[in-house]
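Novice: Below is a structure I'd like to ask you about.
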Amino acid sequence: MSAAWKPRTRDQLARRVAQDIPDGAVVNLGIGMPTLVANHLPAGIEIILHSENGILGMGPAPVAGTEDYDLINAGKQPVTLLPGGAFFHHADSFAMMRGGHLDICVLGAYQVSATGDLANWHTGEPGAIPAVGGAMDLAAGARQTWVMMDLLARDGKAKVVAACSYPLTAVACVKRIYADLATLECSPQGLRLIDAVDGLGHRQLEQLIGLPIRTP
Amino acid sequence: MIDKIAASVAQALEGVRDGATVLVGGFGTAGIPDELIAGLLEQGATDLTVVNNNAGNGDTGLAALLKAGRVRKIICSFPRQADSQVFDGLWRSGRIELELVPQGNLAERIRAAGAGIGAFFTPTGYGTELARGKETRQIDGRGHVLETPIHGDLALIKAERGDRWGNLTYRMAARNFGPVMAMAAKRTVATVHEVVELGALDPEAVVTPGIFVHQVVRIPRVATQAGGFKAKEVAR
């Protein structure tokens, strides 16, 4: 299948997310694709990164050979601490998430519903070992939950759906979907188009997803 | 005189009973009390309920305790890892019980136990299968789930410096579950890399006050294990 449009690369998508993060925001980047956003934060603004294992002011990966395995992120990779950074215990760290103190969290997803239900922790397949980590706390607790994902699954089915078939992480929590083909807003009224990649029209996008999408 | 310094791991873990609930600190490579887990394996208590963020990695530490058939139930947020093969095998063959808990509920339920809180309502997990069978309530128009405390008979944690009253400081992200687990157990055993005189820890910087700690064991730094340090620091 050839299309008239080209999906955003991982880095282009990370840059698209990063450009919407306001100066001064406290942000948690989920494990996997969202971690890439840290590489594309615009210069000249100050963003504080939170890691659920007890770090605020997380910096980039250390220079090879200087890793310290007491200083790791939620994905268990070595990181650094910026001047002004702080350490704290798990209950304080999750109080930051659950108490509405984080401005934005960016998470991956299996599925997102048009009204912002999120499924990102478990496929629900028999024999699959469930693991949830901090996903439910972030999704329910951050002021804004953004999702970063491909619009279509490997089998071609849309990951933006009317109702999630995978087990839910949280109800009506996702505000925005940053996908490889488009950026969408979720609300109780359904989807609204923010932008799409060049060559992908509004109607084509609606056809791909199979749901109505309002335009600004 | 109060002296919580134990001579050895074996001494600190004397008398742990079968059926105990054991809170084990650590997240990733940081803050895992490896020597205490090895000591528990040696000590022999069985039919344990273990509370940890994960369910063991590789073949050592918690995974070795699981492999030896000593753990009846694990309460954790993230059992599935690239190297969680020991847990995976036990779970698939029905030889271990799993209570999966969102990480924030895990931390807060442990904290609640330490703070004498009977239960609490939280939005985390509302409307998901992890809230199934639990009491719910609408508070200020938002769905909440009732969560109960997790009490430990024993907590095993890794700290950095400690004194004979049991005051503790930690190092970087190795702090993680240590402070809340120390509060929530009838008996808390902490390892430290340095035992200092009373008064040597800055009172403004004590993270876990000694009231929450029962025994402190000094462990030399090693670079080879998970939770170890880079070679430069070991030499220091």
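The values are calculated or read from the model by the stated rules, or taken from the named source; none is laboratory data. If you're wondering where the values come from, they're calculated on a predicted model, not measured in any experiment. Positions of Cβ are generated from backbone atoms using ideal geometry, with glycine treated the same way; all protein chains shown enter the neighbour counts.
Novice: Hey, could you check region A:152-179 for residues that are of a type outside the set (A, V, I, L, M, F, W, C) and touching a strand residue (DSSP E or B) at 6+ places or on another chain (Cβ under 8 Å) and say which is nearest to B:Gly143 (Cα to Cα)?
Specialist: So the residue we want is A:Thr169.
Novice: Would it be correct to say that B:Ala155 is within 14 Å of chain A (Cβ to nearest Cβ), in contact with a helix residue (DSSP H, G or I) (Cβ under 6 Å, 6 or more places away or on another chain) and either buried (at least 19 other Cβ atoms within 10 Å of the Cβ) or more than 21 Å from B:Val24 (Cα to Cα) (or both)?
Specialist: Yes, satisfied.
Novice: Can A:Ala3 be described as crowded, with 23+ Cβ neighbours inside 10 Å, modelled with pLDDT under 95 and touching a Gly at 6+ places or on another chain (Cβ under 8 Å)?
Specialist: No, not satisfied.
Novice: Okay, next question. Residue check, B:Phe78 against (1) surrounded by fewer than 19 Cβ atoms within 10 Å (Cβ to Cβ); (2) part of a loop (DSSP other than H, G, I, E, B); (3) within 12 Å of chain A (Cβ to nearest Cβ), all met but one. Which one?
Specialist: Going through (1) surrounded by fewer than 19 Cβ atoms within 10 Å (Cβ to Cβ); (2) part of a loop (DSSP other than H, G, I, E, B); (3) within 12 Å of chain A (Cβ to nearest Cβ) one by one, B:Phe78 breaks only (1).
Novice: Counting only residues that are β-branched (Val, Ile, Thr) and part of a helix (DSSP H, G or I), which one in region A:25-62 is farthest from the other protein chains (Cβ to nearest Cβ)?
Specialist: Only one residue fits best here, namely A:Val37.
Novice: Now for a different question. Suppose we filter region B:15-42 for residues that are outside any helix (DSSP H, G or I) and more than 20 Å from B:Glu97 (Cα to Cα); how many remain?
Specialist: Selection size over region B:15-42: 10.
Novice: Here are some conditions: (1) within 14 Å of chain A (Cβ to nearest Cβ); (2) touching a residue at least 24 places away in the same chain (Cβ under 8 Å); (3) assigned to a loop (DSSP other than H, G, I, E, B); (4) under 20 Å from B:Ile32 (Cβ atoms). B:Pro149 meets all but one. Which one does it not meet?
Specialist: It is condition (4) that B:Pro149 fails.
Novice: Yes or no: B:Asp88 charged (D, E, K, R), outside any loop (DSSP other than H, G, I, E, B) and free of Cβ contacts under 8 Å to residues at least 24 places away in the same chain?
Specialist: Taking the combined requirement at face value, the residue satisfies it.
Novice: If you take the residues in region B:49-62 that are on the phi < 0 side of the Ramachandran plot and touching an Asp or Glu at 6+ places or on another chain (Cβ under 8 Å), which one is surrounded by the most Cβ atoms within 10 Å (Cβ to Cβ)?
Specialist: Applying the filter and picking the extreme gives B:Asn57.
Novice: Please identify the pairs in which a residue from region A:151-170 that is more than 14 Å from chain B (Cβ to nearest Cβ) has its Cβ atom under 9 Å from the Cβ atom of a residue that is loosely packed, with under 12 Cβ neighbours inside 10 Å, counting only partners at least 6 apart or on another chain.
Specialist: These pairs meet every condition: A:Gly156/A:Met1; A:Ala158/A:Gly210; A:Val160/A:Gly210; A:Val161/A:Gly210; A:Ala162/A:Gly210.
Novice: Can you find a residue in region B:99-120 that is surrounded by 16 or more Cβ atoms within 10 Å (Cβ to Cβ), in contact with a Ser or Thr (Cβ under 9 Å, 6 or more places away or on another chain), more than 10 Å from chain A (Cβ to nearest Cβ) and assigned to a strand (DSSP E or B)?
Specialist: Yes, there is a match, as at least one residue in region B:99-120 is surrounded by 16 or more Cβ atoms within 10 Å (Cβ to Cβ), in contact with a Ser or Thr (Cβ under 9 Å, 6 or more places away or on another chain), more than 10 Å from chain A (Cβ to nearest Cβ) and assigned to a strand (DSSP E or B).
Novice: Can you pull out every residue in region A:69-92 that is touching an Asp or Glu at 6+ places or on another chain (Cβ under 8 Å) and in a loop (DSSP other than H, G, I, E, B)?
Specialist: Across region A:69-92, the qualifying residue is only A:Ala74.
Novice: How many residues, within region B:53-71, are touching a residue at least 40 places away in the same chain (Cβ under 8 Å) and in contact with a strand residue (DSSP E or B) (Cβ under 8 Å, 6 or more places away or on another chain)?
Specialist: 2
Novice: Could you tell me whether region A:201-216 includes any residue that is assigned to a helix (DSSP H, G or I) and under 18 Å from B:Tyr126 (Cα atoms)?
Specialist: No, region A:201-216 has no match at all.
Novice: Can you name the number of the only condition in (1) in contact (Cβ under 8 Å) with a residue 24 or more places away in the chain; (2) surrounded by fewer than 16 Cβ atoms within 10 Å (Cβ to Cβ); (3) within 11 Å of chain B (Cβ to nearest Cβ) that A:Gly65 fails?
Specialist: (1)
Novice: Which members of region A:93-119 meet the condition of being in a loop (DSSP other than H, G, I, E, B) and more than 11 Å from every other protein chain (Cβ to nearest Cβ)?
Specialist: A:His101, A:Leu102, A:Asp103, A:Gly108, A:Ala109, A:Tyr110, A:Ala114, A:Thr115, A:Gly116
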